[in-house]
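Since the structure comes first, as structure tokens, the remarks are kept for the end.
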Amino acid sequence: MNYSNTFQEIYNELQNVEDTGHVADYIPELATVNPNQFGVHLTTVGGEHSAFGDSEKRFSIQSIAKVFAFVMAYSRVKSNIWERMDLEPAGTPFNSLVQLEYDKGIPRNPFINAGAIVVCDILVDELASPKENVLSFIRGLSNSHTIDYNPIVAHSEKKSGYRNYALVNLMKSFGNIRNNIDKVMDLYFSICSIEMSCRELADSFLFLANNGVVPHSGEQILSPSRTKRANALMQTCGFYDEAGQFTFKVGLPGKSGVGGGIVAVHPLKYSIAVWSPRLNKKGNSYKGMLFLEEFTTKTELSIF
Ligand code: GLN
């Protein structure tokens, strides 16, 4: 089944909707992106591809990287990862400090900034060369070996990352960060700066639609049970304080990033990545959310 015509149809419809979103500018380098770009790519577990627009253009994946980092930690750590973070929706913005103090430095889930920073702390312990290892993990998933960090974006975020430093310091004060803060934050900012296209994102998330097995290589990344759990977490926690809206309107597990990308997975069927840089007030792609809502409505392909 090729969905390119459906993509074109939805894109045309959305041209009539005013985009009230704004590109993320709290990371100065992200504000330089042309906001009118749009791309979408769907890959089925059987290897069929449908694409539209700027689907081959790389952009900053930002918080979508939290899924890769979490999967790496979840598949490696022998100890109970849930002692260091919870698995409940946050109901607060991605960089909120409020809940973290009440919860004594235990982040609500791995997909908000605090949770991803703990995951980075775990990866610093677990991996011999964390930055190289994460990159080669993502390159292997997507079968795309030129994917890379963008050091300018990482540096731009580091320089303006006051809230993220507040989060890591608060967690360190509660004993939930074991390594040197600069080392952990270097990994965190770096993984957020990774650039990928919609095609590469759709391809790299496909194992989550395929019981944990990467279709092109046959590699088992997570057991089927852990794959279900990773999808459950994306469903409940993938969109910060808009996870309910996404579930209600789109009906797929997914993850967003402030670069304007969203990836969603239909277990046993496909993964889809959409990119539109202007963000709504919750930090999720304004038109990306609308696009996926229309897509799952028209195709009747949500999990519910
Ligand atoms: N790098 C961003 C930050 O830490 C990621 C946020 C996001 O994509 N929601 O603020």
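The values are calculated or read from the model by the stated rules, or taken from the named source; none is laboratory data. Nothing here was measured: the structure is a model prediction, and the numbers come from that model. Ideal geometry is used to build each Cβ from the backbone, glycine not excepted, and the neighbour counts take in all protein chains shown.
What to note about this one:
- The set of residues in the range 126-147 that are under 19 Å from Leu208 (Cβ atoms), touching a helix residue (DSSP H, G or I) at 6+ places or on another chain (Cβ under 8 Å) and either in a loop (DSSP other than H, G, I, E, B) or not hydrophobic (A, V, I, L, M, F, W, C) (or both) comprises Ser142, Asn143, Ser144, Ile147.
- Residue list for the range 3-18, filter: crowded, with 19+ Cβ neighbours inside 10 Å and of a type outside the set (A, V, I, L, M): Tyr3, Phe7
- Which listed residue, of Ser193, Ser173, is modelled with pLDDT of 95 or more, buried (at least 23 other Cβ atoms within 10 Å of the Cβ) and of a type outside the set (D, E, K, R): Ser193
- Test: residue in the range 202-223 that is modelled with pLDDT of 95 or more, hydroxyl-bearing (Ser, Thr, Tyr), buried (at least 24 other Cβ atoms within 10 Å of the Cβ) and at negative phi: yes
- Top-ranked residue of the range 1-45 - restricted to ones that are over 20 Å from Val258 (Cα atoms) and in a loop (DSSP other than H, G, I, E, B), ranked as farthest from the chain's Cα centre (by Cα): Asn16
- The residues of the range 278-304 that are outside any helix (DSSP H, G or I), free of Cβ contacts under 8 Å to residues at least 60 places away in the same chain and within 16 Å of the ligand (Cβ to nearest atom), listed by number, are Lys281, Asn284.
- Enumeration of residues in the range 69-114 that are touching a residue at least 24 places away in the same chain (Cβ under 8 Å), outside any loop (DSSP other than H, G, I, E, B) and of a type outside the set (Asp, Glu): Ala69, Phe70, Val71, Met72, Ala73, Tyr74, Ser75, Arg76, Ile81, Leu100, Asn113, Ala114
- Meets criteria (closer than 26 Å to Asn284 by Cα, within 16 Å of the ligand (Cβ to nearest atom) and surrounded by fewer than 18 Cβ atoms within 10 Å (Cβ to Cβ)) for Tyr188: no
- Counting only residues that are closer than 26 Å to Leu222 by Cβ, charged (D, E, K, R) and crowded, with 18+ Cβ neighbours inside 10 Å, the range 25-68 holds 2 of them.
- Qualifying residue in the range 227-240 (condition: modelled with pLDDT under 95, not in a loop (DSSP other than H, G, I, E, B) and not hydrophobic (A, V, I, L, M, F, W, C)): yes
- Taken across the range 81-91, residues that are closer than 28 Å to His216 by Cα and within 14 Å of the ligand (Cβ to nearest atom) do not occur at all.
- Selection count where residues are within 13 Å of the ligand (Cβ to nearest atom), surrounded by fewer than 20 Cβ atoms within 10 Å (Cβ to Cβ) and of a type outside the set (S, T, N, Q), scope the range 159-170: 5
- Each residue in the range 139-154 was checked for being in contact (Cβ under 8 Å) with a residue 60 or more places away in the chain and within 16 Å of the ligand (Cβ to nearest atom), and 3 pass.
- Index of the failed condition, Asn164 passing every other in (1) part of a loop (DSSP other than H, G, I, E, B); (2) closer than 18 Å to Ala69 by Cα: (1)
- The listed residues are Ser271, Ser217, and the only one of them that is more than 16 Å from the ligand (Cβ to nearest atom), of a type in the set (Gly, Ala, Ser) and part of a loop (DSSP other than H, G, I, E, B) turns out to be Ser217.
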